[in-house]
Structure formats: C-alpha cells, structure tokens
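The values are calculated or read from the model by the stated rules, or taken from the named source; none is laboratory data. No experiment lies behind these values; they were computed from the predicted model shown. With ideal geometry, Cβ positions are generated from the backbone for all residues, glycine too; neighbour counts draw on all protein chains shown.
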Amino acid sequence: MTGTLHLTISTPTAILVDETGAHAVRAEDESGGFGILPGHTDLLTVLPASVVRWRTGDGATRYCALGGGLMTVEGGDRISIACRQGTIGEDIAKLEAEVEALRAAETDAERKARVEQMRLHARAVRQLMRYLRPGRMGDGEPQMPSVPASTGDAS
C-alpha cells in the first residue's frame, strides 16, 4: 500500500495534530476498534472517549486521548477528528487512565441526568394528580362543578 494520510485532530480552541505523513490510524467507535490505511472509503463516525493511535513515516507511534468526538475520512487520505478535549502524549498507560476517568465522569453525568429526569417526571405526575383530584378545596383553585342529581322525570 503506497501513499500517506493527512490526520487532523482539533478542539474548539486548538489544532492538536496536523500530521501529513501518517501511514495508518487506529481508532474506535461504538462498534469497536478499526484501522484506516491510505485509500480507505469515506467514513463518518462518532468516537467515544478513547485513544487514537497513528504510525508516522519514520515508524513511530503517536497517541491522542480524546473525550469523544466526530471522525471523518474523505478522499481516502484525509482524516479529521473534531473533539471537545484531547491530550497528546507518549505514555499510553497514562492516556488510557485519562480516558477511563473521562468515561467514568460521562457515566456519572448520565446517571445524574436520569435521576433528575425521573424526579421531574414524578413531580409532574404528582401535580397532575393534585389538579385532577375531585373536590379539591382550600388550595385557592376552583372546585370542579357538581352535576345536579337526576329527579327521575323522563319527560
């Protein structure tokens, strides 16, 4: 396989990587890990918190820990990753520990969001029950009108 890849990894405030001579890129999405070589078909995928790896022209492997992002492959040789946060480093163990911390924080945030959603749902149901309760009086809201009893005349 001949050719090289142009890899760009950016955050909203900085370009972390602008590598024009990458020979291979390895990433993972929700379906699992995958590799990209020159000539790869166009691709758009969402990356979770993970470590992206690439091999440079001199054979060195580089790493970038991402807090999730969006990856595109265009023209078989241009790879762009847009992420909220990323860290370049050489110590893969340290970067993977950082990714685990990001994943734990994401899981905690999702759990808190679910708890808050359940709390709001329960509150809405309680308010509906209070509003629909027959004969409510004394809370400043109007009472449901009563229906007059039938006199038995069918005239």
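Numerical summary
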item: Residue tally, condition in contact with a His (Cβ under 7 Å, 6 or more places away or on another chain) and at pLDDT 95 or above, over segment 56-78; result: 2
item: Meets criteria (polar (S, T, N, Q), farther than 24 Å from E100 by Cβ, within 17 Å of the chain's Cα centre (by Cα) and surrounded by 14 or more Cβ atoms within 10 Å (Cβ to Cβ)) for T45; result: no
item: Residue check for G75: loosely packed, with under 12 Cβ neighbours inside 10 Å, closer than 21 Å to D29 by Cβ and not basic (K, R); result: yes
item: Residues of segment 105-125 satisfying the condition of being modelled with pLDDT under 90 and not small (G, A, S); result: E106, T107, D108, E110
item: Those residues of segment 86-127 which are touching a residue at least 12 places away in the same chain (Cβ under 8 Å), within 24 Å of P12 (Cβ to Cβ) and of a type outside the set (D, E), in sequence order; result: G86, T87, I88, G89, L95, V99, L102, R103
item: Residue satisfying all of: in segment 126-136; at pLDDT below 85 and surrounded by 10 or more Cβ atoms within 10 Å (Cβ to Cβ); farthest from A49 (Cα to Cα) among these; result: R136
item: Evaluation of T4 against (1) in contact with a His (Cβ under 7 Å, 6 or more places away or on another chain); (2) under 14 Å from I88 (Cβ atoms); (3) not charged (D, E, K, R) (one fails), failing number; result: (2)
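Residue by residue, here is whether (1) over 18 Å from E74 (Cα atoms); (2) touching a helix residue (DSSP H, G or I) at 6+ places or on another chain (Cβ under 6 Å); (3) surrounded by 11 or more Cβ atoms within 10 Å (Cβ to Cβ); (4) of a type in the set (A, V, I, L, M) holds:
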| site | (1), (2), (3), (4) |
| --- | --- |
| L5 | no, no, yes, yes |
| S10 | no, no, yes, no |
| I15 | yes, no, no, yes |
| T20 | no, no, yes, no |
| D29 | no, no, yes, no |
| A49 | yes, yes, yes, yes |
| R53 | yes, no, yes, no |
| G57 | yes, no, yes, no |
